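**Student:** The following block contains the structure, expressed as structure tokens.
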Amino acid sequence: MNLPVPDGRSGPAGPAVFLSLAHPPQPVLTKDLLRVSRAGGGYHPQFVDESARDLAARVLGTYQGHVDHSRAALDEALTDLEREADDFKLVRGFAKLLDREAAFETRASVDPRRARRAAFEAAESVGVVTEGERGRALEAAADRLGTTADDVTDSLYADLEDRQILAEIDPRWGPDELVAQYNLSLAQTALFDAVEVRVRSSDPRALVTAVKRLRLMYEIRKTDAGREVVVTGPTALFRRTRRYGTRFARLLRSVATAAEWHLEATIDDRGTERTMTLDQEDVSVPGVDPVTEVSYDSGVEADFAARFQSLDLDWNLVREPEPLETGARVAIPDFAFDWAPGGGGSGGADATATGAEPPGFRVYFEIMGFWTPEYVAKKVDQLEGLEDVELLVAVDEDLGVGEQIEARDHRAIPYRGTVRIKDVRDALRQYEDELIAESAAALPGSLTPEDAAVPLAELAGRYGTSEDALEGKDFPEHELVGRTLVRPAVLDELAERIEVGQSYDEADAILAEYGIDDASAALSRLGYRVAWEGLGGGTVREKDDD
């Protein structure tokens, strides 16, 4: 069924769009794409390893590079890949998974069904035999539809599958995750022919919960290796149903999330029973770790965000910041770094904000990888149109476009597999040096905060600078105790309230009342030390009291 969708492209400005509705995607391959070995009488899915990453990247890039192209053009490019690959089924397997992540549209000025109906009715009245009569029939159909003959011609068969347009591809996986998903899907497809599956897991409770949730038939057996869950397979049922088979295949995703597991399946291989064994070395579930509240386009991005947020830097990490204009299009970088000295940095509440407006200074960050040369060319052209923007670009070394990016006044950071935090940190530090120098130059040589006590980090945040920018400044009304500026009157009050023999906890609570959180530095300034007494706490003593 095709439905007209008002998306701003209908009418004089462009063709109407008719979305093709499809069934929800299933994470398994079709039976014809199953790759197994029967060596030694067993049943062994032909899993792939990291050596297949480049091929996965090329298939993924082929989809990304064919957005706004027809399915026929996409299929032709995939066929070329099949000819080059060692196993055409592997290319088709990757493509099958990505196809379910893609959105195809029928783009036509006229609903193709209406165009065909009008054209056929006009043809009957004209009696089409010659090319001229065909033209007159199309003119008559166009008059009836209020459009042109060319529009009718272009719309007649625009809804055929090979003429549909790839409108969007938004995969959940990068190349590494696509390889992992392929292995998982391959095993799931093999399990469609299982008579019985026997599973042991390091998380048996979660396993049983998953079996119950999927409404599968099962029992729990005791074996010499421990308890195992025995699940009835699809082929053991008197009446095989695809619904049960799909739920059964989905069980593997739950099984594979455990740290350690072992699965043994009896497979009905065209009338011959064979044994298939799997464990955590064979199959993993992409996207399980790291767990984040923000969605990411790839594991590389998720991994980078998780590691960056663990640092205590003066930068807030923003996911998918506001769009940037680049010629006639817009680009949304993967991340932005917002300069936030003294404001909590990457561990703050805004560390994973999405779409936040830029603060005083922002550096954008794009991660480029796993794309074909055609798609990379599009991305590089987008960068060409960005002006007055500070941009860092992490570039997969295999792409070989680092020099092109540098030529567009953007900083290229090469990586392979994962983006090195140190490389990004070094790039950001160059901006920090300039920002600190500018803010330090703008500050007066003498500062007199009104606070009785104020941490340097808090004071730096008020001035929109860093603690380093405050180094060398004069504070005539305060004394620097540790990393806190304290008025002499406060120190006098503390000297009267803190005394020898107090517990460390009492002294710390008194210091906290004045906003001093560096108890060790404050006590040392007052001439005290802490005598620790094992796990029982500490007691305030004179410094020279041994």
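The values are calculated or read from the model by the stated rules, or taken from the named source; none is laboratory data. Given the structure is predicted, the values throughout are model-derived calculations rather than measurements. Ideal geometry is used to build each Cβ from the backbone, glycine not excepted, and the neighbour counts take in all protein chains shown. The protein model used for the area step is the full one, side chains on, heavy atoms only, and it has no ligands, DNA or RNA in it. Shrake-Rupley method; radii C 1.70, N 1.55, O 1.52, S 1.80 Å.
Yes/no matrix, rows are residues, columns are (1) within 30 Å of G61 (Cβ to Cβ); (2) touching a residue at least 12 places away in the same chain (Cβ under 8 Å):
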position	(1), (2)
E76	yes, no
E82	yes, no
L98	yes, yes
R117	no, no
E121	no, yes
R134	no, no
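**Student:** Now for a different question. Does segment 98-155 hold any residues that are of a type in the set (A, V, I, L, M), assigned to a helix (DSSP H, G or I) and within 30 Å of W173 (Cα to Cα), and which are they?
**Tutor:** L98
For every residue, the table says whether it meets (1) of a type in the set (G, A, S); (2) in contact with a strand residue (DSSP E or B) (Cβ under 9 Å, 6 or more places away or on another chain); (3) open to solvent by less than 10 Å² (accessible area, probe 1.4 Å).
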| site | (1), (2), (3) |
| --- | --- |
| T148 | no, no, no |
| E161 | no, yes, no |
| I169 | no, yes, no |
| L186 | no, yes, yes |
| A194 | yes, yes, yes |
| Y218 | no, yes, no |
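**Student:** Need pairs with beta-carbon distance below 9 Å; first residue part of a helix (DSSP H, G or I) and within segment 34-56, second of a type in the set (S, T, Y) and buried (at least 18 other Cβ atoms within 10 Å of the Cβ); sequence gap 6+ or separate chains.
**Tutor:** A52/Y182; A56/Y182
**Student:** Can we say V67 is of a type in the set (V, I, T), over 21 Å from S185 (Cα atoms), under 29 Å from the mean Cα position of the chain (by Cα) and not in a helix (DSSP H, G or I)?
**Tutor:** Answer is yes for this residue.
**Student:** Okay, next question. For residues that are more than 25 Å from L386 (Cα to Cα), of a type outside the set (D, E) and either modelled with pLDDT under 80 or part of a strand (DSSP E or B) (or both), tally how many sit in segment 305-350.
**Tutor:** Counting residues in segment 305-350 that are more than 25 Å from L386 (Cα to Cα), of a type outside the set (D, E) and either modelled with pLDDT under 80 or part of a strand (DSSP E or B) (or both) gives 9.
**Student:** While we're looking at this one, here's another question. Which of the residues belonging to segment 195-219 are touching a His at 6+ places or on another chain (Cβ under 9 Å) and among the aliphatic types (A, V, I, L, M)?
**Tutor:** Listed by number, the list holds a single entry, V199.
**Student:** So which residues in segment 87-115 are open to solvent by 50 Å² or more (accessible area, probe 1.4 Å) and either among the β-branched types (V, I, T) or farther than 28 Å from T30 by Cβ (or both), if there are any at all?
**Tutor:** The answer is S109, R113, R114.
**Student:** Of all residues in segment 224-250, which are among the hydroxyl-bearing types (S, T, Y) and at pLDDT 80 or above?
**Tutor:** The one that is among the hydroxyl-bearing types (S, T, Y) and at pLDDT 80 or above: T232.
**Student:** Oh, and also: Any residue in segment 437-455 that is within 14 Å of D468 (Cα to Cα) sitting within a Cβ distance under 9 Å of a residue that is exposed (fewer than 12 other Cβ atoms within 10 Å of the Cβ) and among the β-branched types (V, I, T)? List the pairs, counting only those 6 or more apart or interchain.
**Tutor:** Sorted first by the residue in segment 437-455, then by its partner, the list stays empty.
**Student:** Count, please, the residues in segment 186-223 that happen to be within 14 Å of A249 (Cβ to Cβ), among the β-branched types (V, I, T) and part of a helix (DSSP H, G or I).
**Tutor:** Total meeting the criteria: 2.
**Student:** Also, I was wondering about something else. Which of the residues that make up segment 73-86 are assigned to a helix (DSSP H, G or I) and open to solvent by less than 40 Å² (accessible area, probe 1.4 Å)?
**Tutor:** A73, L74, A77, L78, L81, E82
**Student:** Could you please find all residues in segment 62-72 being in contact with a Leu (Cβ under 8 Å, 6 or more places away or on another chain) and crowded, with 17+ Cβ neighbours inside 10 Å?
**Tutor:** Within segment 62-72, T62, Y63, H66, S70, R71 meet the criteria.
**Student:** Among residues belonging to segment 462-482 that are of a type in the set (D, E, K, R) and at pLDDT below 85, point out the one that is least open to solvent (accessible area, probe 1.4 Å).
**Tutor:** K473
**Student:** Still on this structure: Looking at segment 463-473, is at least one residue over 30 Å from F361 (Cα atoms) and in a helix (DSSP H, G or I)?
**Tutor:** Within segment 463-473, not a single residue is over 30 Å from F361 (Cα atoms) and in a helix (DSSP H, G or I).
**Student:** What are the residues in segment 432-461 that are within 17 Å of R487 (Cβ to Cβ) and open to solvent by 40 Å² or more (accessible area, probe 1.4 Å), if any?
**Tutor:** Correct list: S446, T448, E450, D451, A452, E458.
**Student:** Let me ask something else about it. Given the condition without any contact (Cβ under 8 Å) to a residue 24 or more places away in the chain and touching a helix residue (DSSP H, G or I) at 6+ places or on another chain (Cβ under 9 Å), answer yes or no: does some residue in segment 162-177 qualify?
**Tutor:** Looking for residues that are without any contact (Cβ under 8 Å) to a residue 24 or more places away in the chain and touching a helix residue (DSSP H, G or I) at 6+ places or on another chain (Cβ under 9 Å), one finds none in segment 162-177, hence no.
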